[in-house]
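The values are calculated or read from the model by the stated rules, or taken from the named source; none is laboratory data. Please read these numbers as outputs of a predicted model, since none were measured by experiment. Here Cβ is always computed from backbone atoms with ideal geometry, including for glycine, and neighbour counts include all displayed protein chains.
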């Protein structure tokens, strides 16, 4: 039915693998940035809060593609050069980090003030109340939205094709525009669609698993 | 310092010692942040980032007239048409998902789940390519390439964001306490009347901030028109950057700044809408916030 079926599967498989590892690596970077941001956000130091806010607003209001272009095409003009995959991971990570920071902050804000006051009134120290009362609740509250961010990152990772990283979308583009080996158009379309649906399905299944494991009654 | 004296989830109201420590932390963090900024600026300045000619050339009156302004207009055109399509599809499929008819529910769920799982850039590019391959619009309809680019960008933006708006609508209906609809049935309203008179007005108020937040994302996503060379802002910045290769970074930064201004203005509208509409609904504020969260996340 499809011409060059095995070649197509191999190419799309390689692309899907790139998509998955780019997603997971940049999500790790985003988690680190998000944590730093939330610490700055809740700290009593005003300038730290301002800086975190500026970072968040900046990345929330600029398209991811513009961020990637500035990094990959713009920064070499001021002598900052790196491989495209470095910018892909950094760009996705820094962009998603702003969203992770907001999510973590809303997780902490979702805890009723009474919880913290109760912890303090029975004499728990800052560290104890954080470890025993605040964080366990906050972490559980942010797992579902963090899961949505991860799924969104799978889709956003397709943008790195614009700076020359051959992930899933770029692979399918290459296959279709490759006139010599004549890949079947519909074969590639179905293949790439199924791959994305599979990745999204597996990841959301894993997120739900974590959610169920950590579920609790408040 | 008065704002630091109230207690928060993390910190109790600060005493004299705590206030002193927090002042020290403020000063230290200010120094660190200014230091980092100064370092970045000095690196950029050393490479001539702030040289006047590099900013003046891409902002030349001719370039502004022939490239920047048309590209902003093209971006706003795609945004306006994409938003309208997304809102229409969102309402249709959002109500489809809570319909009384199983088949409608099923079809709407498939639409939402399918298009939410695919990257927008793939949708735009692949629909454009399939059309070019079979020549639907180029052959029989004889469309120009410009019209095709706009059409497929708007289609992609509309279909993708329609799926997300449908989800927001469903969440809005779910956030409304069931007692609202029950009370309507209890006073003898029919299903349609309950939806029209009781559920919808409240749900629309709940949803508005989330919908506007999604429209900010749609505005940013118009930059994906780049993959099918639609002449939007980012694409034009690239072209200007290639024309004045000394100003490539500057052109991109200018484009990013314009995006920032447009998106920031739109998101301020979100805040205003939020404040005005929050009070007029039976849904608890926490649930409304969840809807916003869902929308905010749904990239």
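Condition (residue is at pLDDT 90 or above, out of contact with any strand residue (DSSP E or B) (no Cβ under 7 Å at 6 or more places or on another chain) and within 21 Å of residue A:89 (Cβ to Cβ)) applied to region A:173-183: is it met by at least one residue? Looking for residues that are at pLDDT 90 or above, out of contact with any strand residue (DSSP E or B) (no Cβ under 7 Å at 6 or more places or on another chain) and within 21 Å of residue A:89 (Cβ to Cβ), one finds none in region A:173-183, hence no.
Would you check if residue A:44 is within 14 Å of chain B (Cβ to nearest Cβ) and over 20 Å from residue A:149 (Cβ atoms)?
Values: within 14 Å of chain B (Cβ to nearest Cβ): yes; over 20 Å from residue A:149 (Cβ atoms): yes.
It is true that residue A:44 is within 14 Å of chain B (Cβ to nearest Cβ) and over 20 Å from residue A:149 (Cβ atoms).
Taking the listed residues A:68, A:31, the one that is away from chain B (no Cβ under 12 Å) and touching a helix residue (DSSP H, G or I) at 6+ places or on another chain (Cβ under 7 Å) is A:31, with no other qualifying. Would you check if there is a residue in region B:157-164 being outside any loop (DSSP other than H, G, I, E, B), at pLDDT below 90 and in contact with a helix residue (DSSP H, G or I) (Cβ under 8 Å, 6 or more places away or on another chain)? Within region B:157-164, none of the residues are outside any loop (DSSP other than H, G, I, E, B), at pLDDT below 90 and in contact with a helix residue (DSSP H, G or I) (Cβ under 8 Å, 6 or more places away or on another chain). Evaluate the following for residue A:82: is it part of a helix (DSSP H, G or I) and more than 13 Å from chain B (Cβ to nearest Cβ)? No; evaluated as a whole, the condition is false for this residue. Checking B:56, B:63 one by one, the residue that is within 28 Å of residue B:150 (Cβ to Cβ) and at pLDDT below 90 is B:63 and no other.
Going through region B:54-66 one residue at a time, which ones are part of a helix (DSSP H, G or I) and away from every other protein chain (no Cβ under 14 Å)?
Of everything in region B:54-66, those that are part of a helix (DSSP H, G or I) and away from every other protein chain (no Cβ under 14 Å) turn out to be B:56, B:59, B:61, B:62, B:63, B:64, B:65, B:66.
With respect to the conditions (1) touching a helix residue (DSSP H, G or I) at 6+ places or on another chain (Cβ under 9 Å); (2) surrounded by fewer than 18 Cβ atoms within 10 Å (Cβ to Cβ), residue A:127 lacks only one, and its number is (1). If the condition is being more than 8 Å from chain A (Cβ to nearest Cβ), in a loop (DSSP other than H, G, I, E, B) and closer than 17 Å to residue A:125 by Cβ, then region B:6-25 contributes B:13, B:15. Taking residue B:268 as the residue in question, decide whether it is assigned to a loop (DSSP other than H, G, I, E, B) and modelled with pLDDT under 90. No. Note on region B:67-100: residues that are part of a loop (DSSP other than H, G, I, E, B) and exposed (fewer than 13 other Cβ atoms within 10 Å of the Cβ) amount to 1.
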